[in-house]
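Asker: Below you will find the structure I want to go over with you.
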Amino acid sequence: MGEAGGALVEGPRQPNLLFLLTDEQRFDSLPCYGADWVQAPHLDALSEESFVFENAYTPQPVCCPARGAIMTGLWPHTTGLTFNSVPLPPEAQTVAEMLGDAYTCGNFGRWHLGDDVLPQHGFSEWVSLQHSIGSATGRTGLGPSTFHRYLIAQGFEPDQEIDGAPAFSPEFEARLPAQHQTSTFLADHATSFIRDAQEPFFLVVSFHDPHPPYLGPLDDLYGPATLPVGPAFLRWPDADGPFFLRQLAEAYRARTMFGQDLSTEAGWRAQRAHYFGQVTFVDRAIGRILAALEESGLDDDTVVVFSSDHGDTLGDHRLFGKRYLYEPSARVPLMMRVPWLGRSQRLVPGNVSLIDLAPTFLELLGQAVPDHLQGQSRVAALEGEDSLTGNDVFIEQCGLGEGKWEMNDVPWRSIVSADRFKLNLTAFDRCQLFDLNRDPHELRNLIDEPDQRDRIRRLTARLWAWQQETGDTVPLPTIG
């Protein structure tokens, strides 16, 4: 894999941008990140023509906060989207609003930022998957999603009610035939949009896969017993680590999730196998969209970006899902194909945050980057004029916000330093320090090591400086 290089040709005057966003896809789920056993030929082919970011992190490993940050270039604590089911404030501008009338903007799939069935925030083309989650307008009873109406037209009957209205459960949707799955549905709409495209366009295709309930048409594609796992898989959180992690791991041991008994290794492995089946299934849908782009003759004028809002622990550290600062939850795949900068695979070393996507999108599209954005455009790193090797990234986690366990509702802040140390701080629980160079699976907490005290002081000071710069008021401890 070569290094990022300089521009080869001048880009089109008004290029298009296709943003493919999956939900809950961890960084090590694709061949270009080392998982050569995963069947994802279309994303693998895209990576062969793309800039592949070595270490990309979500601003917060939770759906709504991450998506708000991606769309606006603002931190969750700035927009107030620190938990799920919190709507994006009307005054928070998205990339689509910053592009204005110059672009046809579409959001197909998950929105997750309130009033989900309504076209909004600069997007005129709208295909929804969910009933409205939260409301920024105060409107309720907004009606069913585009996907709900599609299923009704196909003769399916809702299996539950939401707020008194008939609805389809995630488990019902996951068991639909392949031709009626959400990823197939979104690929159908995206390919039609591309074939009838009114250029220039900014199209977001936001998939539900590989999100729980980890069920789908390819559940049997991967054998649970032979599925590759790392040293963190089903490893109990250390006694000298955060109490809330031990609390959660113990709680999951007594649970059955989506039909799998999590008190057994077989149950965890089955969940994991189904997850990777969804990774392959969404890859097939993405392949159709990329083929439509090529067949329409638009691929040379279109930036293609692929990423995910956050990852998934999948039993690593004996934890389930997202919301954790561990790498499988916080680190995501990120690739960008920019045709006029070449079509070979180039590694972009160093750290980057998805908070930087909004300003990067705007610069790639030749638009001005507003001063209020808290992310930074990374186009210079693509053009070989800058480097990410000296870049720190910051991650925030504001607790679960669900009131189930007191210790799980406390805020955390994290820094991943340019030299690949990760410091996770909270004022309410045991903190963590990991050397990601020697300990990439985060098995040894160095927070109490005497020889790390100066490093902890330096990283804490950089976290405090970031808080001051971004207006974050969460209290952090002094350690060391």
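Asker: Taking strands (runs of 3 or more DSSP E) that do not extend beyond the stretch 377-480, which have at least 2 residues that are over 20 Å from Gln60 (Cα atoms) and touching a Leu at 6+ places or on another chain (Cβ under 6 Å)? Working first, answer last.
Answerer: Numbers: elements: 393-397, 412-416, 421-425, 432-435.
Of the strands (runs of 3 or more DSSP E) lying wholly inside the stretch 377-480, none has at least 2 residues that are over 20 Å from Gln60 (Cα atoms) and touching a Leu at 6+ places or on another chain (Cβ under 6 Å).
Asker: A further question on this structure: Go through the stretch 84-110 and give me each residue that's in a loop (DSSP other than H, G, I, E, B) and surrounded by 23 or more Cβ atoms within 10 Å (Cβ to Cβ). Spell out how you get there, then give the answer.
Answerer: Looking only at the stretch 84-110, we keep the residues that are in a loop (DSSP other than H, G, I, E, B), and these are 84-94, 103, 110.
If the condition is that a residue be in a loop (DSSP other than H, G, I, E, B) and surrounded by 23 or more Cβ atoms within 10 Å (Cβ to Cβ), then Pro87, Leu88, Thr94, Tyr103, Arg110 are the ones that fit.
Asker: Right, another one. Can you name every residue in the stretch 347-360 that is open to solvent by less than 20 Å² (accessible area, probe 1.4 Å) and more than 16 Å from the chain's Cα centre (by Cα)?
Answerer: Residues of the stretch 347-360 that are open to solvent by less than 20 Å² (accessible area, probe 1.4 Å), as a first pass: 348, 350-360.
If the condition is that a residue be open to solvent by less than 20 Å² (accessible area, probe 1.4 Å) and more than 16 Å from the chain's Cα centre (by Cα), then Val348, Gly350, Pro359, Thr360 are the ones that fit.
Asker: Which residue, of Val204, Val229, is closer than 30 Å to Asp101 by Cα, outside any helix (DSSP H, G or I) and at pLDDT 95 or above?
Answerer: Numbers: Val229 fails: closer than 30 Å to Asp101 by Cα.
The match here is Val204.
Asker: From the residues in the stretch 68-83 that are modelled with pLDDT under 95 and open to solvent by 30 Å² or more (accessible area, probe 1.4 Å), which one is farthest from Val474 (Cα to Cα)?
Answerer: So the residue we want is Phe83.
Asker: Related question: Go over the candidates Arg318, Arg323 one by one and state the one that is of a type in the set (Lys, Arg) and either buried (at least 22 other Cβ atoms within 10 Å of the Cβ) or in a helix (DSSP H, G or I) (or both).
Answerer: Values: Arg318 fails: either buried (at least 22 other Cβ atoms within 10 Å of the Cβ) or in a helix (DSSP H, G or I) (or both).
That would be Arg323, the only listed residue that is of a type in the set (Lys, Arg) and either buried (at least 22 other Cβ atoms within 10 Å of the Cβ) or in a helix (DSSP H, G or I) (or both).
Asker: Which is on the phi > 0 side of the Ramachandran plot and either of a type in the set (Lys, Arg) or in contact with a strand residue (DSSP E or B) (Cβ under 7 Å, 6 or more places away or on another chain) (or both), of Gly114, Gly122? Let's see the steps before the verdict.
Answerer: On the way: Gly114 fails: either of a type in the set (Lys, Arg) or in contact with a strand residue (DSSP E or B) (Cβ under 7 Å, 6 or more places away or on another chain) (or both).
The conditions single out Gly122.
Asker: Could you say whether any residue in the stretch 194-202 is of a type in the set (Val, Ile, Thr), touching a residue at least 60 places away in the same chain (Cβ under 8 Å), open to solvent by less than 40 Å² (accessible area, probe 1.4 Å) and out of contact with any strand residue (DSSP E or B) (no Cβ under 6 Å at 6 or more places or on another chain)? Walk me through how you get there before you give the answer.
Answerer: Going residue by residue through the stretch 194-202, those that are of a type in the set (Val, Ile, Thr) are 194.
Narrowing the set further to residues that are touching a residue at least 60 places away in the same chain (Cβ under 8 Å) leaves 194.
Subsequent filtering for residues that are open to solvent by less than 40 Å² (accessible area, probe 1.4 Å) retains 194.
So of that shortlist, the ones also out of contact with any strand residue (DSSP E or B) (no Cβ under 6 Å at 6 or more places or on another chain) come out as 194.
Within the stretch 194-202, one or more residues are of a type in the set (Val, Ile, Thr), touching a residue at least 60 places away in the same chain (Cβ under 8 Å), open to solvent by less than 40 Å² (accessible area, probe 1.4 Å) and out of contact with any strand residue (DSSP E or B) (no Cβ under 6 Å at 6 or more places or on another chain).
Asker: Would you please name the residue that is modelled with the lowest pLDDT, looking only at residues in the stretch 135-151 that are part of a loop (DSSP other than H, G, I, E, B) and within 23 Å of Phe185 (Cβ to Cβ)? Give the steps one after another, and end with the answer.
Answerer: From the stretch 135-151, those part of a loop (DSSP other than H, G, I, E, B) are 135-145; that's our starting set.
Applying the additional criterion that residues be within 23 Å of Phe185 (Cβ to Cβ) yields 142-145.
On the way: Leu142: 70, Gly143: 79, Pro144: 90, Ser145: 93.
Among them, the one singled out is Leu142.
Asker: I'd like the residue in the stretch 299-314 that is outside any strand (DSSP E or B) and under 14 Å from Leu341 (Cα atoms) and, out of all such residues, is most open to solvent (accessible area, probe 1.4 Å).
Answerer: Kept after step one, since they are outside any strand (DSSP E or B), are these residues of the stretch 299-314: 299-301, 309-314.
Applying the additional criterion that residues be under 14 Å from Leu341 (Cα atoms) yields 299-301.
Details: Asp299: 24, Asp300: 93, Asp301: 59 Å².
Once the filter is applied, the top-ranked residue is Asp300.
Asker: So, of the residues in the stretch 448-468 that are out of contact with any Asp or Glu (no Cβ under 8 Å at 6 or more places or on another chain) and in contact (Cβ under 8 Å) with a residue 40 or more places away in the chain, which turns out to be surrounded by the fewest Cβ atoms within 10 Å (Cβ to Cβ)? Break it down stepwise before answering.
Answerer: Initially, the stretch 448-468 is screened for residues out of contact with any Asp or Glu (no Cβ under 8 Å at 6 or more places or on another chain), giving 449-461, 463-465, 467-468.
From what is left, the residues that are in contact (Cβ under 8 Å) with a residue 40 or more places away in the chain are 459, 463, 467.
Working: Leu459: 23, Leu463: 20, Gln467: 18.
So the residue we want is Gln467.
Asker: Right, something else. Criterion first (part of a helix (DSSP H, G or I), farther than 19 Å from Trp37 by Cβ and touching a residue at least 40 places away in the same chain (Cβ under 8 Å)) does Ala285 satisfy it?
Answerer: Details: part of a helix (DSSP H, G or I): yes; farther than 19 Å from Trp37 by Cβ: yes; touching a residue at least 40 places away in the same chain (Cβ under 8 Å): yes.
Considered against the rule, which asks whether it is part of a helix (DSSP H, G or I), farther than 19 Å from Trp37 by Cβ and touching a residue at least 40 places away in the same chain (Cβ under 8 Å), Ala285 comes out as yes.
Asker: Look at the stretch 197-248 and say how many of its residues are over 30 Å from Trp111 (Cβ atoms) and among the charged types (D, E, K, R).
Answerer: Matching residues across the stretch 197-248 total 5.
Asker: Hey, among the residues in the stretch 203-217 that are under 19 Å from Gln154 (Cβ atoms) and out of contact with any Lys or Arg (no Cβ under 7 Å at 6 or more places or on another chain), which one's surrounded by the fewest Cβ atoms within 10 Å (Cβ to Cβ)?
Answerer: Only one residue fits best here, namely Pro217.
Asker: Within the stretch 218-239, identify whether any single residue is closer than 27 Å to Ser135 by Cα, in contact (Cβ under 8 Å) with a residue 12 or more places away in the chain and open to solvent by less than 70 Å² (accessible area, probe 1.4 Å), and answer yes or no.
Answerer: As a first pass, look at the stretch 218-239 and keep what is closer than 27 Å to Ser135 by Cα: none.
Checking the stretch 218-239: not a single residue is closer than 27 Å to Ser135 by Cα, in contact (Cβ under 8 Å) with a residue 12 or more places away in the chain and open to solvent by less than 70 Å² (accessible area, probe 1.4 Å).
Asker: Is it the case that some residue within the stretch 279-294 is touching a Pro at 6+ places or on another chain (Cβ under 9 Å), surrounded by 20 or more Cβ atoms within 10 Å (Cβ to Cβ), aliphatic (A, V, I, L, M) and farther than 27 Å from Tyr214 by Cβ?
Answerer: No, every residue in the stretch 279-294 fails to be touching a Pro at 6+ places or on another chain (Cβ under 9 Å), surrounded by 20 or more Cβ atoms within 10 Å (Cβ to Cβ), aliphatic (A, V, I, L, M) and farther than 27 Å from Tyr214 by Cβ.
The values are calculated or read from the model by the stated rules, or taken from the named source; none is laboratory data. Given the structure is predicted, the values throughout are model-derived calculations rather than measurements. FYI the Cβ positions are ideal-geometry reconstructions off the backbone, even for glycines, and counts take in every protein chain you see. For accessibility, only protein heavy atoms count, side chains too; no ligands or nucleic acids. Shrake-Rupley method; radii C 1.70, N 1.55, O 1.52, S 1.80 Å.
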